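**Q** Before anything else, here's the structure in question.
The values are calculated or read from the model by the stated rules, or taken from the named source; none is laboratory data. Just so you know, these numbers come straight off a predicted model, no measurement behind them. Don't worry about glycine lacking a Cβ; one is built from the backbone with ideal geometry, like all the others, and counts go over all protein chains shown.
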Amino acid sequence: MSRFLIGRYRDIEEYTPGEQPQNMDQFIKLNTNESPYPPSPGVIRALNSEEAAKLRLYCDPDCGELTKKLAALYGVEPKNVFFSNGSDDILNFIFMIFCGEETPAAFPAISYGFYKVYAQLHRVDAVKIPLKEDFSIDYKDYCGLGRTIIIANPNAPTGQTLSLPEIEEILKTNPENVVVIDEAYVDFGADSAVPLTKKYDNLLVVQTFSKSRSMAGARLGFAIGNESLIADLTKIKYSTNPYNINRLTQAAACAAIDEDDYYKENGRKIQDCRNYTVEKLETMGFDIIPSKANFIFIKNEQIDGEKLYVLLKERKILIRHFTDPQIAQYNRVTIGTKEQMDAFLKAVEEILREERK
Ligand code: PMP
């Protein structure tokens with residue numbers, strides 16, 4: 001730390017991203033919930049030399065074409081859509097502008113680790129509401145809270161979901177507060193709250209192109225909500241970095257929307273593979289939280305969570321281990337292709353056999 005860093009940022013406990021090894025080909029990477037499938041053919045075609053030549057020009061700060069396409073896909077108006085540089089960027093804006101002294105925040109105690117970092121960064125008082133014993137969220141804990149509420153649905157790293165009637169109850173009982181539903185993993189079998197944005201002006205749904213749309217490296221997230229919430233987000237984007245979605249990402253995302261069926265099919269394959277992996281792990285004695293995401297949260301009494309992570313890493317398989325004592329026995333495993341999961345299952349089987357010796 002330099003002596004120039006101003007006081008309020010000195011104690012920030014920054015987010016630790018999952019490992020991103022650059023010699024990636026040597027690893028089976030099941031640690032950061034990326035899609036195992038490449039972007040669709042149209043995306044690859046869109047990233048051509050003609051598009052690259054246009055990089056001398058600034059990109060469209062309004063993401064005009066992309067906004068129109070996405071609005072049509074989700075059955076909303078362009079004025080209900082906001083894009084930013086990854087959904088992380090949008091969550092950052094949300095903590096910056098919808099949480100504050102009069103509107104403290106609330107989110108589940110076990111959830112996406114970035115929420116508490118943003119709360120600290122923006123000096124937001126945040127209650128972290130414990131999960132139930134089975135790791136599910138009790139929606140009643142959020143009813144009538146009078147705080148800005150942020151819930152990942154499916155939740156991370158558990159994969160558990162709230163139903164739409166439960167989300168609706170939270171919205172109804174907090175009419176004066178923004179309720180944010182972070183749907184990073186919604187395309188793997190959960191119900192989206194996007195239709196509720198037409199009924200509730202306090203709802204913001206946040207999604208990403210990083211998971212189901214195979215574009216984590218392009219950095220694109222979006223929010224759907226009432227026109228005035230979107231206008232607030234836009235105001236802040238134009239007060240920080242209006243050109244935050246680069247040209248290539250905009251072109252790639254337009255092409256991805258045109259090939260939505262490809263991504264839907266990949267989503268189905270991942271769900272099938274998730275069910276297959278769960279079944280196999282259960283026969284090996286794993287406890288698995290029911291997941292509607294492209295990852296599973298698993299533990300096995302026979303082996304310590306961290307040890308399993310380390311031994312798999314030695315075998316060039318990366319999964320995600322969290323040090324928070326409440327979940328240190330668990331590991332989060334991204335669902336890859338059937339071949340990747342077979343390699344993972346085989347390695348786990350070997351490790352458990354060694355452990356029993
Ligand atoms: N929300 C949740 C729940 C996540 O797990 C992630 C991915 N780490 C994000 C948001 C951020 O995704 P991105 O910035 O890649 O859109």
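**Q** Restricting the search to the range 163-192, which residues are over 25 Å from E102 (Cβ atoms) and not acidic (D, E)?
**A** Selection gives S163, L164, P165, A184, Y185, V186, F188, G189, A190, S192.
**Q** Which of the residues spanning the range 252-290 are under 18 Å from the mean Cα position of the chain (by Cα) and among the hydrophobic types (A, V, I, L, M, F, W, C)?
**A** A253, I270, I289
**Q** Have a look at K128, K132 and point out the one that is among the charged types (D, E, K, R), in contact with an Asp or Glu (Cβ under 7 Å, 6 or more places away or on another chain) and closer than 18 Å to Q326 by Cβ.
**A** Matching residue, one of K128, K132: K132.
**Q** Additional query: Determine whether the range 55-75 contains at least one residue that is loosely packed, with under 10 Cβ neighbours inside 10 Å, at pLDDT below 95 and not in a loop (DSSP other than H, G, I, E, B).
**A** Taking the range 55-75 as the starting set, the residues that turn out to be loosely packed, with under 10 Cβ neighbours inside 10 Å are 56-57.
Of the ones still in play, those that are also at pLDDT below 95 are none.
Among the residues of the range 55-75, not one is loosely packed, with under 10 Cβ neighbours inside 10 Å, at pLDDT below 95 and not in a loop (DSSP other than H, G, I, E, B), which makes the answer no.
**Q** So which residues in the range 129-160 are without any contact (Cβ under 8 Å) to a residue 40 or more places away in the chain and touching a helix residue (DSSP H, G or I) at 6+ places or on another chain (Cβ under 7 Å)?
**A** Matches in the range 129-160: I129, Y139, Y142, C143, G144.
**Q** Scan (1) more than 16 Å from the ligand (Cβ to nearest atom); (2) acidic (D, E); (3) surrounded by 15 or more Cβ atoms within 10 Å (Cβ to Cβ); (4) part of a loop (DSSP other than H, G, I, E, B) for the single condition E13 breaks and write down its number.
**A** All conditions are met except number (3).
**Q** Looking at the structure I just gave you, is Q22 assigned to a loop (DSSP other than H, G, I, E, B) and either surrounded by fewer than 19 Cβ atoms within 10 Å (Cβ to Cβ) or more than 16 Å from the ligand (Cβ to nearest atom) (or both)? Give the steps one after another, and end with the answer.
**A** On the way: assigned to a loop (DSSP other than H, G, I, E, B): yes; either surrounded by fewer than 19 Cβ atoms within 10 Å (Cβ to Cβ) or more than 16 Å from the ligand (Cβ to nearest atom) (or both): yes.
Yes; evaluated as a whole, the condition is true for this residue.
**Q** Turning to a different aspect of this structure: Taking the range 98-128 on its own, how many of its residues are within 13 Å of the ligand (Cβ to nearest atom) and either closer than 17 Å to L162 by Cβ or not assigned by TED's automatic domain parsing to the domain that holds K140 (or both)?
**A** The qualifying residues number 6.
**Q** Being farther than 25 Å from N23 by Cβ, crowded, with 19+ Cβ neighbours inside 10 Å and out of contact with any Phe, Trp or Tyr (no Cβ under 7 Å at 6 or more places or on another chain) is the requirement here; does F297 meet it? Even if it seems obvious, please write down each step before you answer.
**A** Values: farther than 25 Å from N23 by Cβ: yes; crowded, with 19+ Cβ neighbours inside 10 Å: yes; out of contact with any Phe, Trp or Tyr (no Cβ under 7 Å at 6 or more places or on another chain): no.
Considered against the rule, which asks whether it is farther than 25 Å from N23 by Cβ, crowded, with 19+ Cβ neighbours inside 10 Å and out of contact with any Phe, Trp or Tyr (no Cβ under 7 Å at 6 or more places or on another chain), F297 comes out as no.
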